[in-house]
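The values are calculated or read from the model by the stated rules, or taken from the named source; none is laboratory data. Not measured: the values here are computed from a predicted model. Neighbour counts are summed over all protein chains in view; Cβ atoms, including those assigned to glycine, are modelled from backbone coordinates with ideal geometry.
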Amino acid sequence: MEFRDLKRQYQVLKPQMDAAMLEVAENCNFISGKQVTELEQQLAEYVGVKHCVTCGNGTDALTLVMMAWDIKAGDAVFVPTFTFFASAEVVAFEGATPVFVDVDERTFNVDPVKLEEAIEQVKKEGKLNPRAVIAVDLFGQPADYTKIEEICKKHGLLLLEDGAQGFGGKIGDRTACSFGDAAATSFFPAKPLGCYGDGGAVFTNDDEMADYMRSIRVHGKSPADKYDNLRIGLNSRLDTIQAAVLKVKLQAFKDHELESVNRAAKLYDEYLGNVVKTPVVPEGFYSSWAQYTLILDSKEQRTHLQKELKEQGIPTMVYYPKPMHLQGAFADLGYKKGDFPVAESLCERVLSLPMHPYLNEEDIRFVANAVKAALNL
Ligand SMILES: *Cc1c(COP(=O)(O)O)cnc(C)c1O
């Protein structure tokens, strides 16, 4: 069994996928081919925002936003401590200071009450200039943007949605990657919408910001002339071949994958809901299930379960074993163990099960029975 079965997906999509990739090879339009702009239009339409600016990966997508907002030394950017490293890395990369915030144990996402406390604390200390919040759609579920948008507005902060894992999620009829002032996503192969290598995109309704990001993703070029450089930028484009792959995958995502992955989650819930802590999706929220993550009672129980499942040929992953505030790279920020008890406890107790749109009921029953057997239930 695969943790995320990209081989099964390729077998299902093979005819369209092979044709799409061969077309790029035949036309040799490897950089900035028409598929890139076509994809950007389709993504913007799906998400319901004005602009989609694709780029080299999800980390660069976050960075493009940091650069567009001129985030710099002396600025504070609020980030949940339970996330993938890149969410906070991009802040420090600009010379600014990530200010970590604990998460809600039920949703794994940033706790809005603690977010506001952190903002007020930084304001009171007066050492850093509070500029922005990066909220993360962890494991496919949007953060609580209704509350977070209100907090950002009240405190005059910009809001970036890190939707690297969140593409396809929803709150009511609002789609993931449309929240806040801008959103970033990743097309890393294992994400809800993945390509065959690295890729990423920024979404925004801000015309000026979109123009700026289209310039800095190509060495700060002017709109008219590639060899007229207006500012210092990056080399971070989405390859044509990845855009071609993504056009096929986006169609499948819309046609059946997002629905299938939600059906798989529901089956897991049914089989496991009363034997172990399964993921909570609050009323009105919809997840794209980048991960299906259990919370065990203890680290020992998790280690035991992981070992037993491995013996049955069932791969599992720990997302994430270490919170941001305890990462060596952020040691100079002065955080210590005990600062964010919810995230620290989750790091010891979470375990993600195989999850993807091509899991069938038999696979899920097999995994669920193995979980029950390992936990003696
Ligand atoms: C994967 C991921 C990123 C970075 O995306 P890459 O394409 O790997 O650079 C950023 N934030 C989160 C939450 C992620 O899961």
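Tabulated values for the structure
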item: Residue pairs meeting the criteria (Cβ under 6 Å; at least 6 apart or on separate chains; first of a type outside the set (D, E, K, R), in the range 303-315; second not in a helix (DSSP H, G or I)); result: GLN306/THR316; LEU309/THR316; GLY313/MET1; ILE314/MET1; PRO315/PHE3
item: Subset of the range 334-377 that is in a loop (DSSP other than H, G, I, E, B) and of a type in the set (A, V, I, L, M) - its residue that is nearest to the chain's Cα centre (by Cα); result: MET355
item: Considering residues of the range 132-147 that are under 17 Å from VAL99 (Cα atoms) and small (Gly, Ala, Ser) only, the residue farthest from the ligand (Cβ to nearest atom); result: ALA132
item: Residue in the range 177-200 that is modelled with pLDDT of 95 or more, more than 13 Å from the ligand (Cβ to nearest atom) and in contact with a Phe, Trp or Tyr (Cβ under 6 Å, 6 or more places away or on another chain) present; result: yes
item: Neighbours by Cβ (under 6 Å, 6+ apart or cross-chain): first from the range 124-140, touching a residue at least 12 places away in the same chain (Cβ under 8 Å); second more than 16 Å from the ligand (Cβ to nearest atom) and in a strand (DSSP E or B); result: LEU128/ALA76; LEU128/THR97; ASN129/ASP75; PRO130/ALA76; ARG131/ASP75; ALA132/LEU158
item: Every residue from the range 65-87 that is within 16 Å of the chain's Cα centre (by Cα), within 22 Å of GLY156 (Cβ to Cβ) and either more than 14 Å from the ligand (Cβ to nearest atom) or aliphatic (A, V, I, L, M) (or both); result: VAL65, VAL79
item: Those strands (runs of 3 or more DSSP E) lying entirely in the range 27-101 with at least 1 residues closer than 21 Å to ASP211 by Cβ; result: 51-55
item: Any pair with Cβ under 9 angstrom, 6 or more apart, that starts in the range 77-106 at a residue that is at positive phi and without any contact (Cβ under 8 Å) to a residue 24 or more places away in the chain and ends at one that is assigned to a loop (DSSP other than H, G, I, E, B) and of a type in the set (Lys, Arg); result: GLY95/LYS72
item: Condition met for PRO112 (more than 19 Å from PHE285 (Cα to Cα) and either surrounded by fewer than 22 Cβ atoms within 10 Å (Cβ to Cβ) or touching a helix residue (DSSP H, G or I) at 6+ places or on another chain (Cβ under 9 Å) (or both)); result: no
item: Test: residue in the range 274-281 that is within 17 Å of the chain's Cα centre (by Cα) and assigned to a loop (DSSP other than H, G, I, E, B); result: yes
item: Residue check, SER298 polar (S, T, N, Q) and within 22 Å of the chain's Cα centre (by Cα); result: no
item: Residue, farthest from the ligand (Cβ to nearest atom), within the range 158-176, restricted to residues that are free of Cβ contacts under 8 Å to residues at least 60 places away in the same chain and within 11 Å of ILE134 (Cα to Cα); result: LEU159
